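> The structure is given below, and queries will be raised subsequently.
The values are calculated or read from the model by the stated rules, or taken from the named source; none is laboratory data. Since the model is a prediction, treat every value here as computed from it, not as a measurement. Here the Cβ is made from the backbone with ideal geometry for all residues, glycine too, and neighbour counts use every protein chain on show. Ligands, DNA and RNA are excluded from the accessible area calculation, which covers all protein heavy atoms including side chains. Shrake-Rupley method; radii C 1.70, N 1.55, O 1.52, S 1.80 Å.
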Amino acid sequence: MEIRRYTFIALIIIVLIGVVVVVGKSEVSPGVIIVSMIATTIAVATPLTLGALTGVFCERAGVVNIGIEGMMLASAFFGWFGAIYMNTILKMGAFPSLIIGVIIAVITGGLLGLLHAVLSVTFKVDQIIGGTVINLLAVGISGFLNRQLFFEKGSIFGGQVPHAPGVLPRLHIPLLGDIPVVGTVFEQQPITIAAILLVIITHYVLFYTRWGLRTRAVGEHPRAADTVGINVYRMRYLNVIIGGLIAGLAGAYFTLESVPSFEPLMTNGRGFIALAAMIFGNWSPFGSWAAALVFGAASALQINLQFFRELIPPQWAFFQSSAVVGMVPYILTMLIMTGIIGKTRAPAADGIPYEK
Amino acid sequence: MTTILELKGITKQFPGVLANDHVDFDLKKGEIHALLGENGAGKTTLMNILYGLYKPDSGELYRDGKEVSLNSPKDAIAIGIGMVHQHFMLIPVFTVTENIMLGEEKLKNAVLDRNGVSAKVGELSQKYGLEIDPESFVEDIPVGVQQRVEIVKTLYRKAEILILDEPTAVLTPQEVEDLFRIMRELTSQGVSIIFITHKLKEVLKIADRITVMRAGKVVGTAIPSETDESHLAAMMVGREVILNVEKEPAQPKEDVLQVIDLKVNDLRGLEAVRGVTFSVRAGEILGIAGVQGNGQTELVEALTGLRQSTGGKVVLQGKDMTNNPPRPIIENGLSHIPEDRQRHGLVLAYPVADNLVLCNYYLPPFGVNFVMQNKAIDENARKLVKDFDIRTPSPFVPTSNLSGGNQQKVIVARELSRPVQLLIANQPTRGLDVGSIEYIHRQIVNMRGKGVAVLLVSAELDEIMSLADRIAVMYQGKIVDIVDTQKTTKSELGLKMAGAQAQA
Ligand SMILES: Nc1ncnc2c1ncn2[C@@H]1O[C@H](COP(=O)(O)OP(=O)(O)O)[C@@H](O)[C@H]1O
Ligand SMILES: [Mg+2]
């Protein structure tokens, strides 16, 4: 079953990469295209991977979180704001500013996680509504503050967007990064690398540690956990907050690693695609990552096709339109979610508040 | 024997119910002390207090003569108390080992030490004769084995006092025997057991002492050798109970249901019913005896239109009903008391009144031109609640608020208040207390008296023996024999149920 799932995922990614190779091979050698597609796929999948891990922590503990989108958006904004503030007002220098920006983003995510936990665990608000509240709140706050802080006359930045401290630098991984051609794949930025490490760590924590066993117990059968002395509320709180911290890191990706700017609504539904990746990945870290890579590959396709726009043969002119190619990741989400393959199984107590 | 546990004057008030009213209870080392009482008597509440899940409003708890106060199950576990809950507290997707160690995990280098715990589990199951496979997933093992996992779970926590809350409710007769063997083994090694049940025979068989509760109070204690079933039943219910159903000899007439060489597959597509042939006549009760899982569920589902058969024929009142959906079968005179009342018998979220018209809501007087006639539905509900003695605050509360026995009465009321020719009752009294059982048995016999053909499926041999006129024994999807109840004995049936060949 799992093998079939992963084979299916690998096939989709190969097809997506293949399309770009076919289109671009007259200009660039296939090897280079493949390596660059893989590198882009991994990088672009980062917020999806992290968002899906947020979902894994929350839902494995029994709390549905559809507020990942909002958590990422708010964190993207506050991280961005923090970095600029440090850089422009406190003149801290680019790299320290970026690091502090990341920290602020992560804390923002954690605080929103805390809010979600308060709503859904303590007050037992319908978790879909709680998540929606967070999404709306994030859109409102980030949009409003963006206007107020950067564009209002008399704002701290004097009514114009100041110079950004740039983005986080690529890391050079010794040995792996030194391999000719293929080495490019490993030249990634820190949040991307952190995301991959977090996939491994989350898997390990969930399935090999006491914390993970208890987390899953609380998400499957909270009363059973309660009768053996596990504090259900505490476990749920902490896992939702951990999920929030990870969503915060995903937010930082948008404004501190991917592009050095903030735009309203810039997360553009990726919190929801992350949720889809988590479900397709059957609530497991590696499964989620694999699914996130599919969406990453679809985005990489979109980016690369724009690059090779002129090479698209005239009978396929339809695909020259960026609007059409831009839909690919979303259409893939829908196709995959209609259950092309495999049964998934949510934690049994997912979304159900625990009443003592 | 020394007293190792004592509860004094335990009182617990729930909104509107005094669940425990100055209850005294004690336990001696190495004994099996049965706590007997009807559903709702307050047994589980008392045990939840003893296990630290609820705090009593007043009363004291003594362990080895010292007063203790329990704030959580952790405290109870710490003084050697273990509880096997009425509804198992196991996580289906975890392995046996993971379930046992949960909350009490063993670590090796900060990682779960699954092998260590697994070995320990093996040791415990060896010591007490509790066979379990530590590596299998709980969802893959039968209920009886899950129960053993629950027991090992308490022993792993070094329990010296074991609370078993209605442990036999979910077990087959064989599994009950197994459990009793295990209980004796445990007590012989110094474990003390509180055994909760409402089944009289079991109490007399296994208990050293019996305490009877009714409506939150202890109404008396007894020693098995000095009491009997009817005495205990009277204590439990508060009035004389007729344990053996009185009935006239059957006067069977024409065949109502004919089943010819019927074959049915189970969920996994394996043949569960492998060609059965029988008929049920008007005015008789045909009992189907058999250990659960020998095809009874699939047979009943095929007869009631809930599952497609793969071969053979079902004829009801002369009409071929093979593989018809439920509605035409119901309209042709079927009433059905399903095995799983919560899943197939009721819409739990609906009010009692709506559940009472679940099979005929679309017919006048309840439905006229696509519009529900609330007045008629309400009147019907009030009448049935009264006639069938359904204990509910009102006919308009969600059915989920009712106790199990009263939920079953809602189904019985709905199914038996209609003019029908065939009643199929599958495990109609499972999990119910003597009062409700007596009531439902009387209703079934009444139906027979009115000339209805009754097919009764039950895993309780006693129930079959006392109600049925003829008994068909099912074993591995086949009917191995059909006998006259008068001309057989319980042990003979037991052998046939276990697969001993019927004499030709
Ligand atoms: N958590 C609760 N809240 C309110 N009422 C309860 C609760 N638990 C039990 N009761 C009520 O207390 C009474 C005793 O229930 P219980 O102890 O479960 O009985 P038993 O185990 O003997 O069947 C019942 O009337 C039941 O409805
Ligand atoms: Mg109970």
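> Please verify whether B:Glu160 is in contact (Cβ under 8 Å) with a residue 40 or more places away in the chain and either away from ligand 2 (no atom under 16 Å from the Cβ) or of a type in the set (Val, Ile, Thr) (or both), treating the condition exactly as stated.
It is true that B:Glu160 is in contact (Cβ under 8 Å) with a residue 40 or more places away in the chain and either away from ligand 2 (no atom under 16 Å from the Cβ) or of a type in the set (Val, Ile, Thr) (or both).
> For the stretch A:187-270, which fully contained helices (runs of 4 or more DSSP H) count at least 2 residues that are closer than 21 Å to A:Ser142 by Cβ and either among the hydrophobic types (A, V, I, L, M, F, W, C) or modelled with pLDDT of 95 or more (or both)?
Working: elements: A:190-208, A:210-220, A:222-227, A:232-252.
Fully inside the stretch A:187-270 and qualifying: A:232-252.
> Sticking with this structure for a sec: Quick one: in the stretch B:43-53, of everything that is open to solvent by less than 20 Å² (accessible area, probe 1.4 Å) and in contact with an Asp or Glu (Cβ under 8 Å, 6 or more places away or on another chain), which residue is farthest from the other protein chains (Cβ to nearest Cβ)?
This residue is B:Lys43.
> Quick one: would you say B:Leu18 is within 15 Å of ligand 1 (Cβ to nearest atom), away from chain A (no Cβ under 14 Å) and open to solvent by less than 10 Å² (accessible area, probe 1.4 Å)? Steps first, answer last, please.
Values: within 15 Å of ligand 1 (Cβ to nearest atom): yes; away from chain A (no Cβ under 14 Å): yes; open to solvent by less than 10 Å² (accessible area, probe 1.4 Å): no.
The answer is no for B:Leu18.
Listed here are the residues, each with its yes/no results for (1) aromatic (Phe, Trp, Tyr); (2) out of contact with any Gly (no Cβ under 7 Å at 6 or more places or on another chain); (3) within 14 Å of chain B (Cβ to nearest Cβ); (4) surrounded by fewer than 14 Cβ atoms within 10 Å (Cβ to Cβ).
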{"site": "A:Pro174", "(1), (2), (3), (4)": "no, yes, no, yes"}
{"site": "A:Asp178", "(1), (2), (3), (4)": "no, yes, no, yes"}
{"site": "A:Leu197", "(1), (2), (3), (4)": "no, yes, no, yes"}
{"site": "A:Tyr233", "(1), (2), (3), (4)": "yes, yes, yes, no"}
{"site": "A:Leu238", "(1), (2), (3), (4)": "no, yes, no, no"}
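> In addition: Going through the stretch B:257-287 one residue at a time, which ones are at pLDDT below 95, hydrophobic (A, V, I, L, M, F, W, C) and out of contact with any Asp or Glu (no Cβ under 6 Å at 6 or more places or on another chain)?
Selection gives B:Leu267, B:Leu270.
> For the stretch B:109-143, which residues satisfy the criterion of being among the polar types (S, T, N, Q) and open to solvent by 20 Å² or more (accessible area, probe 1.4 Å)?
Within the stretch B:109-143, B:Asn109, B:Asn115, B:Gln126, B:Ser136 meet the criteria.
> Among the residues of the stretch B:177-228, write down those that are of a type outside the set (A, V, I, L, M), open to solvent by less than 10 Å² (accessible area, probe 1.4 Å) and either away from ligand 2 (no atom under 16 Å from the Cβ) or assigned to a helix (DSSP H, G or I) (or both).
The answer is B:Phe180, B:Ser192.
> Please go through the stretch B:79-95 and give me each residue that is within 12 Å of chain A (Cβ to nearest Cβ) and without any contact (Cβ under 8 Å) to a residue 24 or more places away in the chain, ordered by number.
B:His87
> Then there's this: Which of the residues spanning the stretch B:157-175 are part of a helix (DSSP H, G or I), of a type outside the set (Asp, Glu) and surrounded by 19 or more Cβ atoms within 10 Å (Cβ to Cβ)?
Correct list: empty.
> Tell me which of these B:Thr154 doesn't satisfy, since it passes every other one: (1) within 14 Å of chain A (Cβ to nearest Cβ); (2) within 16 Å of ligand 1 (Cβ to nearest atom).
For B:Thr154, the exception is condition (2).
> A follow-up question, please. Which pairs do you get when a residue that is touching a residue at least 40 places away in the same chain (Cβ under 8 Å), found in the stretch B:479-496, comes within reach of a residue that is buried (at least 17 other Cβ atoms within 10 Å of the Cβ) and part of a loop (DSSP other than H, G, I, E, B), reach meaning Cβ atoms under 8 angstrom, with the pair 6+ apart or on two chains?
B:Thr485/B:Ala468; B:Thr485/B:Asp469
> OK, next. What's the number of the only condition in (1) under 21 Å from A:Ala300 (Cα atoms); (2) within 12 Å of the chain's Cα centre (by Cα) that A:Val32 fails to meet?
A:Val32 satisfies every listed condition except (2).
> Report those strands (runs of 3 or more DSSP E) wholly inside the stretch B:17-135 carrying at least 3 residues which are within 16 Å of ligand 2 (Cβ to nearest atom).
On the way: elements: B:17-28, B:32-37, B:58-63, B:66-68, B:81-84.
Passing ranges, in order: B:17-28, B:32-37.
> What are the residue pairs meeting all of these: first residue in the stretch B:42-59, first residue in contact (Cβ under 8 Å) with a residue 12 or more places away in the chain and aliphatic (A, V, I, L, M), second residue in a loop (DSSP other than H, G, I, E, B) and away from ligand 2 (no atom under 16 Å from the Cβ), Cβ atoms under 7 Å, and 6 or more apart or on different chains?
Pairs found: B:Ile49/B:Pro56.
> Moving on. Given the conditions (1) open to solvent by 10 Å² or more (accessible area, probe 1.4 Å); (2) assigned to a strand (DSSP E or B), which single one is not true for B:Ile424?
(1)
> Let me ask something additional. Kindly list the number of the only condition in (1) more than 9 Å from chain B (Cβ to nearest Cβ); (2) under 30 Å from A:Thr255 (Cβ atoms) that fails for A:Pro222.
The one condition A:Pro222 does not meet is (2).
> Regarding A:Ile38, is this residue in a helix (DSSP H, G or I) and under 30 Å from A:Pro180 (Cβ atoms)?
Details: in a helix (DSSP H, G or I): yes; under 30 Å from A:Pro180 (Cβ atoms): yes.
The answer is yes for A:Ile38.
> Out of all the residues in the stretch B:302-327, which are more than 31 Å from the chain's Cα centre (by Cα), loosely packed, with under 14 Cβ neighbours inside 10 Å and in a loop (DSSP other than H, G, I, E, B)?
Correct list: B:Gly318 only.
> All but one of (1) touching a residue at least 12 places away in the same chain (Cβ under 8 Å); (2) open to solvent by less than 80 Å² (accessible area, probe 1.4 Å) hold for B:Tyr362; state the number of the condition that does not hold.
Unmet condition: (1).
> Step by step: first the residues of the stretch B:96-108, then only those that are open to solvent by less than 20 Å² (accessible area, probe 1.4 Å), more than 7 Å from every other protein chain (Cβ to nearest Cβ) and of a type outside the set (A, V, I, L, M), then the one that is farthest from B:Leu124 (Cα to Cα). Which residue is that?
Taking the candidates together, the pick is B:Asn99.
> Taking the stretch B:54-74, which residues are open to solvent by 50 Å² or more (accessible area, probe 1.4 Å), farther than 17 Å from B:Gly216 by Cβ and either within 14 Å of chain A (Cβ to nearest Cβ) or within 16 Å of ligand 1 (Cβ to nearest atom) (or both)?
If the condition is that a residue be open to solvent by 50 Å² or more (accessible area, probe 1.4 Å), farther than 17 Å from B:Gly216 by Cβ and either within 14 Å of chain A (Cβ to nearest Cβ) or within 16 Å of ligand 1 (Cβ to nearest atom) (or both), then B:Asn71, B:Lys74 are the ones that fit.
> Taking the stretch B:284-301 on its own, how many of its residues are open to solvent by less than 10 Å² (accessible area, probe 1.4 Å) and either touching a Lys or Arg at 6+ places or on another chain (Cβ under 8 Å) or outside any loop (DSSP other than H, G, I, E, B) (or both)?
Residues flagged as open to solvent by less than 10 Å² (accessible area, probe 1.4 Å) and either touching a Lys or Arg at 6+ places or on another chain (Cβ under 8 Å) or outside any loop (DSSP other than H, G, I, E, B) (or both) within the stretch B:284-301 amount to 9.
> Go through B:Val176, B:Val145, B:Val170 for me and flag whichever is within 16 Å of ligand 1 (Cβ to nearest atom), more than 14 Å from chain A (Cβ to nearest Cβ) and either acidic (Asp, Glu) or within 28 Å of B:Glu339 (Cα to Cα) (or both).
Result: B:Val170 is the single residue among B:Val176, B:Val145, B:Val170 that is within 16 Å of ligand 1 (Cβ to nearest atom), more than 14 Å from chain A (Cβ to nearest Cβ) and either acidic (Asp, Glu) or within 28 Å of B:Glu339 (Cα to Cα) (or both).
> Give the stretch B:21-35 a look and list any residue that's under 24 Å from B:Thr2 (Cβ atoms) and within 15 Å of ligand 1 (Cβ to nearest atom), or say none.
First pass over the stretch B:21-35, keeping only residues under 24 Å from B:Thr2 (Cβ atoms): B:23-35.
Hits for the stretch B:21-35 are B:Val23, B:Phe25, B:Ala34, B:Leu35.
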